[in-house]
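The values are calculated or read from the model by the stated rules, or taken from the named source; none is laboratory data. What you see is a predicted model, and the numbers here were worked out from it, not measured in a lab. Please note: Cβ atoms are built from the backbone with ideal geometry, for glycine as well, and neighbour counts cover all protein chains shown. For accessibility, only protein heavy atoms count, side chains too; no ligands or nucleic acids. Shrake-Rupley method; radii C 1.70, N 1.55, O 1.52, S 1.80 Å.
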Amino acid sequence: MPPRTTAPRGILLEGDLQTPATSPSHLASQRRAQSKGAHSKRAQPKHARPKRARRLRRALACAVTITGVLLTTAGTGHADPYAAPPAVPSMAPSTLDARFDIERQAIEQALETAHSVGDRERAKALGALLQPGRRFLYFDPRGRGRAIEVVGDLTRARRVAVVVPGADSTLSDFDSKSGKPWSAPGGGARAVYEHARKINPEPGLAVVAWLGYAAPRTFSSDVLTDERAGQGAAELRTFLAGLNRVNRTAKVGLLCHSYGSVVCGRAAMAGAGPAREGWRQVTDIALFGSPGTTAWSAGRLSRTARIWAGRGATDWMEDVPHVRIFGLGLGPDPVSARFGARVFDAGGGGHSDYLAPDSRSLSNLTYIAMGDPAHVTKPA
């Protein structure tokens, strides 16, 4: 609360006058004092307003800061009831079945934990992951969770598409978000695989739903920088190196949605760094619904891979400022002409509709995944 307003020293206010009213000189003094006092009262708010404005700005700044801290640290004060991932053999053709079995057992254990702690949302999601035929190369139920699922035959595929999801991707919504299966990592990977089989019953394609990093929350400071993306990029390159050991000849296409495109961008710019043997197999990088990649041009991402970009007509990402200043922001808009990507027709959908059934964006992204650029259509 602001301090009580008092008159400046030397100014007499009405209540301060103690002189008898019968004294003419005192009456004159009183009138002069009252006139000065009235002037002071009128003028004072003019000086007080900036102070109140400053206090208001400080209060708002504090509120924003505290809100950001609460949003980004909520729940961190509680011990995680879920177990750490079990040890698994390195990725190789001979170890895949063993990894699938170990990760399935880990999911079963996590499901028991979810039931015991009353985590109904997580229990429902984990139950779906245990459906017959589903195969996971990695599973970590701690925190918001991570998982890597394979759809199709990884060892015999000529092409492997890796779906890299964006912000707010969690284990609890691995298969569906807001009633849209195609907007989630697992549901999106299956949408691409099923569409490929419509194009060709034997597409020679395997699709990986890669939630292999701690995706940030949309309403957090993490989405304004590439810190989470840098961590995810290292994990992605490590995964691609393992994928290369499983299938030496398969070419790879990265389908990078929203903040996932920042992960792909950071991974691409690592160039000849660690795990470069897997990165050499990447022939296509598709950026859709992208806030930027931190790269200033498509040429900075790769000299050999085809760089694609698309944005739906009703995607709110169009309104996001595409800047990068002092580490804040994610750089130029990938669909802009100056970025230099191959822009594909993403239809009229919104931010979560790129892999929706029978959409133009799904068709084009599937052709990119299959390594068939001739059938990818440009915007009208």
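Give the residues of the range 327-360 that are more than 18 Å from residue 178 (Cβ to Cβ) and of a type in the set (S, T, N, Q), sorted by residue number. Can you show your working first?
In the first step, residues of the range 327-360 are kept if they are more than 18 Å from residue 178 (Cβ to Cβ); the result is 327-348, 358, 360.
Hit for the range 327-360 is 336, nothing else.
If residue 250 passes every condition in (1) closer than 12 Å to residue 355 by Cβ; (2) in contact with a strand residue (DSSP E or B) (Cβ under 6 Å, 6 or more places away or on another chain) but one, which one does it miss?
The single condition residue 250 does not satisfy is (1).
Identify all residues within the range 81-109 that are out of contact with any helix residue (DSSP H, G or I) (no Cβ under 9 Å at 6 or more places or on another chain) and either surrounded by 14 or more Cβ atoms within 10 Å (Cβ to Cβ) or closer than 30 Å to residue 120 by Cβ (or both); write none if there are none.
Looking only at the range 81-109, we keep the residues that are out of contact with any helix residue (DSSP H, G or I) (no Cβ under 9 Å at 6 or more places or on another chain), and these are 84, 94, 97-103, 105-106, 109.
84, 99, 100, 101, 102, 103, 105, 106, 109 - these are the residues of the range 81-109 that are out of contact with any helix residue (DSSP H, G or I) (no Cβ under 9 Å at 6 or more places or on another chain) and either surrounded by 14 or more Cβ atoms within 10 Å (Cβ to Cβ) or closer than 30 Å to residue 120 by Cβ (or both).
Only one of (1) crowded, with 21+ Cβ neighbours inside 10 Å; (2) modelled with pLDDT under 90; (3) among the hydrophobic types (A, V, I, L, M, F, W, C) fails for residue 211. Which number is that?
(2)
Given the structure, is residue 243 open to solvent by less than 10 Å² (accessible area, probe 1.4 Å), part of a helix (DSSP H, G or I) and closer than 11 Å to residue 162 by Cβ?
Yes.
Consider residue 158 carefully, then state whether it is surrounded by fewer than 17 Cβ atoms within 10 Å (Cβ to Cβ) and out of contact with any strand residue (DSSP E or B) (no Cβ under 6 Å at 6 or more places or on another chain).
Yes, satisfied.
Determine if the range 58-68 includes at least one residue that is modelled with pLDDT of 95 or more, open to solvent by less than 70 Å² (accessible area, probe 1.4 Å) and in contact with a helix residue (DSSP H, G or I) (Cβ under 9 Å, 6 or more places away or on another chain).
Keep residues of the range 58-68 that are modelled with pLDDT of 95 or more, which gives none.
Scanning the range 58-68 turns up no residue that is modelled with pLDDT of 95 or more, open to solvent by less than 70 Å² (accessible area, probe 1.4 Å) and in contact with a helix residue (DSSP H, G or I) (Cβ under 9 Å, 6 or more places away or on another chain).
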